[in-house]
Each structure stands twice: as C-alpha cells, then as structure tokens.
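Written below as structure tokens is the structure these notes are about.
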Amino acid sequence: MKRKGTGPDGLVIVDKPEGITSHGVVARLRRLAGTRKVGHAGTLDPMATGVLVIGVERATRLLGHLMLTAKTYEATIRLGQSTITDDREGEVTASMPADAVTRAAIDEQVALLTGEIMQQPSKVSAIKIDGKRSYHRVREGEEFELPARPTTVYSFTVHELRQAVAEDGTPVIDLDVTVECSSGTYIRALARDLGGALGVGGHLTALRRTKVGPYGLESAHTLEQLEEQLAVLPIGEAAAAAFPRWDIEADDARLLSTGVRLKAPGLGVAGPIAVFGPEEQFLALVEEKDGQARPVAVFVG
C-alpha cells in the first residue's frame with residue numbers, strides 16, 4: 001500500500017531537450033511526481049538530447065542496474081578541430097585542415113575504435129579524482145590525466161560524410177554516426193580519438209541518445225508532454241522489459257519476502273533476474289550465485 005504523499009513506483013522515459021542538465025530534469029520530475037525520491041540512470045550532458053531514464057520512488061532501486069545496460073547514440077563528429085571539452089561547447093584548441101582525409105582512412109580508424117577498447121575519459125566528465133569531479137578541476141585550470149579504462153563499442157557506423165568550413169575558415173569533415181556501446185563509454189572521447197588518430201583532431205558537435213537498454217525514443221515523452229500528463233511505466237513492467245524473468249509460486253514468494261534464499265532458477269545469465277510471483281507481482285531482483293538466487297533488491301516484505 002502506498003504511503004500518503006508519495007509518488008508512483010515506476011520509470012519515466014524522458015526525451016531530454018538540449019540545454020538542460022540531467023539534474024534539471026530530475027528536479028522537474030520531482031515536482032510532477034510529488035516526491036523527492038527521483039533519480040536517473042546515466043547522465044546526459046546539457047548539449048545532448050534523447051533518452052533519459054528516470055526512476056520514481058521504489059523504481060530508483062532499479063537505476064544502478066539499468067546504468068550498466070547497453071546504450072545507443074546518434075552523433076555528429078567534426079574532424080579538423082579539437083576543443084578543450086571534446087565537444088562544440090568548449091574552446092577550440094587546435095585546427096588542422098581535414099579535406100584530405102579519405103573515407104578509407106576514416107573507416108580504418110573507426111574499426112580500431114570498435115570492440116573492446118581502452119578509452120581515456122574526457123577531462124570534463126563527472127569522474128571523481130580524490131573526491132573532486134574532473135570537470136571542476138578543468139574549470140580551475142588544473143593539469144592532470146585520467147587513466148584509460150576498458151569499455152566496449154559494439155558497433156560504430158559512419159552514415160554520411162560532409163565537407164564543410166569551420167568558423168575560423170578551416171576545411172573540416174562532419175560525420176554522422178551511430179554508436180552502440182557499453183555503459184561508461186564517452187562518445188566525445190570517441191570523436192577526440194578518431195580525429196587524433198587521423199592527425200587532424202576531432203570533437204562532437206551533436207549527440208542524441210536513442211536507447212538505454214530496452215527503452216527507446218518510441219516510448220519517451222517530452223517534458224511538455226509530461227507536464228500535461230505524467231506517464232509512468234509501472235515498476236513491474238519496467239523490470240520485465242529490462243531483465244530476464246523468473247516466475248515463482250506463492251510459497252517461494254513468501255520465503256523470498258522473509259529473506260530466505262531460493263534455489264537458483266538455472267537461467268545461466270550474468271546480472272540481475274526479475275522475480276515475479278502470483279498475479280504478476282514484481283518481487284525482487286536476484287542474481288544466480290553458487291546455486292542460489294542471491295537477492296540484489298527485494299521489493300516486498
């Protein structure tokens with residue numbers, strides 16, 4: 001039974017507009033849902049648009065697991081200029097004519113940036129160094145390096161190549177791309193590294209996230225639409241869409257709700273499994289370990 005004054009349990013799939021922070025979207029949803037228990041599954045920069053998964057009330061406990069799912073982006077990369085932020089919002093730090101770069105050379109370097117790679121995050125990321133955000137250190141003029149970390153780029157597709165001229169007169173190339181990647185991949189770092197490998201520099205000029213796990217733009221709502229009617233995906237439907245499903249009987253549901261570990265279902269999957277009891281009741285997220293279903297988050301009891 002819901003407590004008086006609390007919001008609905010579930011996910012809100014937002015089509016984030018440009019120019020607002022992810023925290024700003026969360027603040028809007030707190031007001032609309034009538035609760036402060038709201039969070040998001042993976043930050044989008046103010047410049048970026050697209051799918052931002054918002055959790056309300058108990059669904060905030062799903063967010064950490066959803067952050068680890070694959071994400072898909074549509075982006076535009078400009079070759080021929082580097083910026084301090086690796087995107088269009090930062091000051092241009094170097095320009096190099098890119099009109100001689102060939103499609104074959106681009107495809108070769110894109111292939112090298114596909115698969116399991118080591119990526120150095122952008123310095124203006126939210127990564128903490130000794131408790132301080134990297135982007136704060138950049139703003140304060142600190143000199144530092146972020147260590148490279150493993151990430152996976154499942155696909156990196158170049159759709160269109162356009163010759164253009166930058167504001168400073170530099171011949172540049174704009175690439176429209178689609179990237180599907182693991183959590184923790186920085187698309188602007190891909191732009192930076194692609195331009196660096198081609199010897200002309202590169203940065204991101206547009207970014208739109210089209211999918212987070214199973215949640216895509218087709219199920220997303222603009223902030224204006226949400227102002228008119230708050231669309232919440234119930235927590236059970238949200239879990240069933242994002243994780244493998246395991247249905248159990250009433251007796252096992254009672255045991256699970258009291259903290260008893262059940263025998264693992266033997267699905268052989270890595271990561272959380274959504275457990276459902278009678279009448280489609282969403283009970284918990286569990287992981288298979290040593291033959292047991294180890295609770296990750298229990299939503300009953």
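The values are calculated or read from the model by the stated rules, or taken from the named source; none is laboratory data. Please read these numbers as outputs of a predicted model, since none were measured by experiment. As a convention, Cβ positions derive from the backbone with ideal geometry for all residues, glycine included, and neighbour counts pool all protein chains shown.
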Selection from the range 31-53 of residues that are assigned to a helix (DSSP H, G or I) and of a type outside the set (D, E, K, R): L32, A33
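Yes or no, residue by residue, for (1) within 30 Å of V296 (Cβ to Cβ); (2) modelled with pLDDT under 95; (3) not acidic (D, E):
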site	(1), (2), (3)
G50	yes, no, yes
V56	yes, no, yes
Y73	yes, no, yes
G90	no, yes, yes
R103	no, no, yes
E116	yes, no, no
Got a number for residues in the range 259-291 being surrounded by 13 or more Cβ atoms within 10 Å (Cβ to Cβ), without any contact (Cβ under 8 Å) to a residue 40 or more places away in the chain and part of a strand (DSSP E or B)? 8
I'm told R188 meets every condition in (1) among the charged types (D, E, K, R); (2) in contact with a Gly (Cβ under 6 Å, 6 or more places away or on another chain); (3) part of a helix (DSSP H, G or I) except one. Can you identify the failing condition by its number? (2)
When (1) out of contact with any His (no Cβ under 8 Å at 6 or more places or on another chain); (2) at pLDDT below 95 are applied to G271, the one that fails is (1)
Check on L204, assigned to a helix (DSSP H, G or I) and either among the polar types (S, T, N, Q) or touching a helix residue (DSSP H, G or I) at 6+ places or on another chain (Cβ under 9 Å) (or both): no
Every listed condition ((1) in a loop (DSSP other than H, G, I, E, B); (2) under 17 Å from K16 (Cβ atoms)) holds for E224 save (1)
Failed item in (1) under 20 Å from D45 (Cα atoms); (2) surrounded by fewer than 16 Cβ atoms within 10 Å (Cβ to Cβ); (3) not polar (S, T, N, Q), with A191 passing the rest: (2)
Among the candidates G301, G277, G291, residue that is over 26 Å from the mean Cα position of the chain (by Cα), more than 19 Å from L66 (Cβ to Cβ) and modelled with pLDDT under 90: G301
